[in-house]
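Here the structure comes first, spelled out in structure tokens, and everything after it is commentary.
Every number in this text was worked out from the coordinates using simple rules, so none of it is lab data. All values derive from a computational prediction rather than experimental measurement. Cβ atoms come from the backbone with ideal geometry, glycine included; neighbour counts cover every protein chain shown.
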């Protein structure tokens with residue numbers, strides 16, 4: 001079964017409508033359609049309405065063929081926010097960052113409280129600006145909708161706004177007409193959605209609050225009847241009033257009230273269309289397509305045409321090559337624009353593809369998209385680890401056989417005519433012992449290197465591939481392909497943020513276009529000794545910081561204020577030498593680690609472990625520019641919480657660096673840890689802490705130059721490819737060290753392991 005949503009669900013105030021779909025070459029075929037009235041008035045308790053909706057969804061899903069539980073749904077236009085902004089013509093990573101920045105400025109809610117997405121309007125030729133539509137919804141609103149569907153047994157994949165669904169349905173079915181400006185008006189129960197299409201683009205959208213429920217309320221108020229009876233009078237045809245005898249409202253009474261209500265709806269529509277015309281490059285509306293439950297009332301289209309002065313027709317969203325409707329379903333769903341737009345989105349034929357679903361839904365979809373590549377990489381990794389393990393075990397087994405043969409020949413007394421032969425055999429035994437120890441070191445260090453390469457693999461974004469990762473001395477070289485600069489820059493940012501690298505040592509060596517349209521890149525990482533010798537303090541600090549700080553983190557690390565370097569850098573731990581393999585036990589029947597050390601030459605002895613620096617530390621965090629002082633204080637408090645959760649000892653200060661959207665440093669401020677600790681413990685007031693922040697501004701320090709690439713080693717060494725020595729990404733021989741002829745000495749450079 002193809003992945004992705006195959007069910008379209010429109011949850012209205014009165015009715016829940018559902019379509020079951022099957023993908024085809026042209027788009028999708030409707031295999032089943034069902035709808036059911038909720039049966040509760042809008043004044044009913046919200047919990048009761050939610051429970052009723054979940055029960056209806058369960059019933060409709062069982063009645064539809066296909067059995068899919070993945071759905072696309074839409075929110076009312078009144079619960080969403082959209083805004084058009086103009087930005088310079090940029091692409092890649094800069095476009096992504098500028099959109100993030102504009103969203104923070106335009107959306108009238110804290111950015112961490114909303115789910116938002118954007119759509120770039122195709123620009124005309126030679127345009128100097130891009131027009132971007134921002135669409136946002138509060139997280140609690142989209143979360144409640146997804147929860148209702150989950151209670152009904154549905155897994156939500158896509159959440160979009162009702163006006164966007166209307167536009168997608170119109171473009172895939174009716175389509176634009178030459179020299180026509182079309183308004184699609186959906187008069188539903190709780191809102192009137194107005195969408196204007198000009199030259200094939202969505203130029204304006206608005207949701208007016210006056211709609212079908214307000215007409216019912218007006219009838220109930222004027223005729224003094226309950227809400228359900230007023231709803232019945234509203235939708236009753238005029239011909240049925242002639243059969244009513246005795247007291248009660250007449251068709252004229254109800255028509256008079258409805259005319260007053262429709263005047264209010266028309267007033268909202270006219271103001272919206274006038275606002276559209278006032279925008280630059282906008283043209284007046286020349287035709288109106290009407291849809292929605294209230295629009296099907298007797299005489300509604302004619303009344304709107306008379307008042308608006310433009311042709312008004314009822315929309316038919318079933319005449320389309322994209323959606324193949326069965327005869328039994330087509331007649332009842334002609335005017336369901338939002339439902340048709342969701343079906344078009346399920347068929348992957350939508351003109352505007354935005355998704356404002358909750359974060360957990362977006363993360364699940366991203367994982368599903370990357371799962372095939374992750375599975376393939378996992379299989380390759382397991383295969384390479386397995387064959388590397390077999391190769392090392394074969395070397396160890398062969399060496400054991402040679403050592404057993406030598407031991408059987410040696411005379412335990414060491415006295416007699418064969419003394420020279422015995423001494424020669426013992427010397428040969430010592431050589432094999434040294435080789436055996438070095439192979440053990442390779443096996444242990446390979447496990448460390450393999451784990452680090454897995455860390456790199458987890459940082460590779462979609463549309464970026466690795467071809468070669470090599471590690472020599474203190475420099476790492478990463479080569480591969482990328483489909484676009486946005487993903488390549490995202491990969492560079494992930495490497496710089498990784499606690500195992502120094503952010504100033506990560507550089508893009510070259511980036512060249514390939515014949516297939518991709519980009520061949522080479523990334524160099526200087527100071528890669530940190531990659532093999534991490535510490536958990538900085539790892540935990542960054543992990544906890546990401547959990548607490550809901551914003552883009554540009555930079556995060558722990559700095560040694562005494563000048564000794566950060567965790568895992570020079571001034572941190574020393575790299576183990578070739579003779580130092582902590583925790584390797586002796587082998588039965590052979591000298592143990594201690595015995596081996598006594599007989600080894602002086603130059604192969606384990607070096608002295610350099611003591612871990614004790615600070616004092618500075619917690620450094622870089623983020624985009626924040627203007628509000630209280631928001632800066634909140635960020636500072638969360639960084640302090642991350643330091644406390646990570647149990648970083650002897651941390652004395654927190655430094656915040658602020659960057660503009662194109663990553664230029666703007667300002668920085670440094671606060672002593674004891675100051676923020678006093679505030680966190682309630683010993684300082686918020687005003688006192690804001691005064692401390694005001695005094696803490698500093699001039700940003702210049703970015704240090706990258707560490708120069710060290711010259712290549714003159715001799716030997718194990719050349720590490722991806723997950724093993726002597727192999728490239730897919731296991732092909734790539735040079736470096738290797739095994740000598742049988743019975744010879746393995747060529748191992750002690751400084752390169």
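7 Å from Cα along Cα→Cβ at both residue 332 and residue 275: what's the point-to-point distance in nm?
3.6 nm
Subtract the Cα-Cα distance of residue 121 and residue 423 from 0.36 nm times their separation in residues, and report this length gain in nm to one decimal.
On the way: separation 302, 0.36 × 302 = 108.72 nm, distance 8.41 nm.
That works out to 100.3 nm of additional length.
Based on the Cβ-Cβ distance from residue 672 to residue 235, what FRET efficiency comes out when R0 is 60 Å, to the nearest 0.05? The partial results should precede the final answer.
Working: r = 70 Å, r/R0 = 1.17.
Calculated transfer efficiency: 0.30.
Using the eigenvalues of the Cα gyration tensor, what equivalent ellipsoid semi-axes result for region 276-361 when each is taken as the square root of five times the eigenvalue, whole Å, largest first?
Details: eigenvalues 142, 93, 31 Å².
Rounded to whole Å, the semi-axes are 27, 22, 12.
Using a cut-off of under 17 Å, list every residue of region 301-315 whose amide N is near the label point 7 Å from the Cα of residue 251 along the Cα-to-beta-carbon line.
Hits in region 301-315 for residue 251 at 17 Å: 301-303.
Simple spin-label model, 7 Å along Cα-to-Cβ: residue 462 to residue 629 in nm?
About 4.3 nm separates the two model spin labels.
Kindly give Rg over Rh for region 175-315, based on alpha-carbon atoms, with the Kirkwood expression for the hydrodynamic radius. Can you show the working numbers first?
Working: Rg = 16.7 Å, Rh = 16.0 Å.
So for region 175-315, dividing Rg by the Kirkwood Rh gives 1.04.
Given the convex hull over the Cα atoms of region 82-239, what projected area results after averaging over all orientations, in nm²? Intermediate results must be reported in sequence, preceding the final value.
Details: hull surface 57.9 nm².
In nm², the orientation-averaged hull projection of region 82-239 is 14.5.
Pulled fully out, how much extra length does the chain show between residue 267 and residue 366, if you take 0.36 nm times their separation in residues and subtract their Cα-Cα distance?
Working: separation 99, 0.36 × 99 = 35.64 nm, distance 4.40 nm.
Going from the current span to full extension adds 31.2 nm.
Considering only C-alpha atoms, what is the centroid distance from region 474-490 to region 375-394, in Å?
24 Å
Report the convex hull volume per residue for region 97-141, counting only C-alpha atoms, in Å³. Could you put the intermediate results ahead of the total?
On the way: hull volume 3.2 nm³, N = 45.
With only Cα atoms used, region 97-141 gives 71 Å³ per residue.
If packing is taken as the average number of other Cβ atoms within 10 Å across a peptide's residues, how do 190-196, 482-488, 674-680 rank, most packed first?
Descending packing order for the listed peptides: 190-196, 482-488, 674-680.
Where in region 630-668 is the amide nitrogen less than 17 Å from a point lying 7 Å along the Cα-to-Cβ axis of residue 552?
Within reach of a label on residue 552, which here means backbone N under 17 Å from a point 7 Å along Cα→Cβ, region 630-668 contributes 657-667.
Compute from the Cα atoms of region 17-153 the Rg and the Dmax, the latter being the longest Cα-Cα distance, and quote both in angstrom.
Over region 17-153's Cα set, Rg and Dmax evaluate to 19.6, 55 Å.
Roughly how many Å is it from the Cα centre of region 304-337 to that of region 456-473, as a whole number?
52 Å
Calculate I(q)/I(0) for region 37-111 by the Debye formula, one identical point scatterer on each C-alpha and no solvent, and give its log10 at q = 0.24 Å⁻¹ to two decimals.
-1.18
Which FRET efficiency value, to the nearest 0.05, do you get for residue 695 and residue 520 by plugging their Cβ-Cβ distance into 1/(1 + (r/R0)^6) with R0 = 35 Å? Show your work: numbers first, answer last.
Details: r = 50 Å, r/R0 = 1.42.
The formula returns an efficiency of 0.10 here.
Could you give the distance between the Cα centres of region 106-164 and region 622-659, to the whole Å?
After rounding, the separation between the Cα centres reads 30 Å.
What ranking do 615-628, 345-358 get when scored by the average of other Cβ atoms within 10 Å per residue, highest first? Intermediate values should be presented prior to the final figure.
Working: 615-628: 17.7, 345-358: 21.4.
Peptide ranking by packing, descending: 345-358, 615-628.
Report the relative contact order of region 175-315, percent, no decimals, based on alpha-carbon pairs under 8 angstrom and at least 6 residues apart.
In percent, rounded to a whole number, it is 28.
Modelling each spin label as a point 7 Å along the Cα-to-Cβ direction, I'd like the residue 282/residue 353 distance in nm, to one decimal.
Each label point is offset 7 Å from its Cα along the Cβ direction, giving 2.9 nm.
So between residue 179 and residue 296, what do we pick up on full extension, going 0.36 nm a residue minus the alpha carbon distance? Walk me through the intermediate numbers first.
On the way: separation 117, 0.36 × 117 = 42.12 nm, distance 2.78 nm.
Answer, rounded to one decimal: 39.3 nm.
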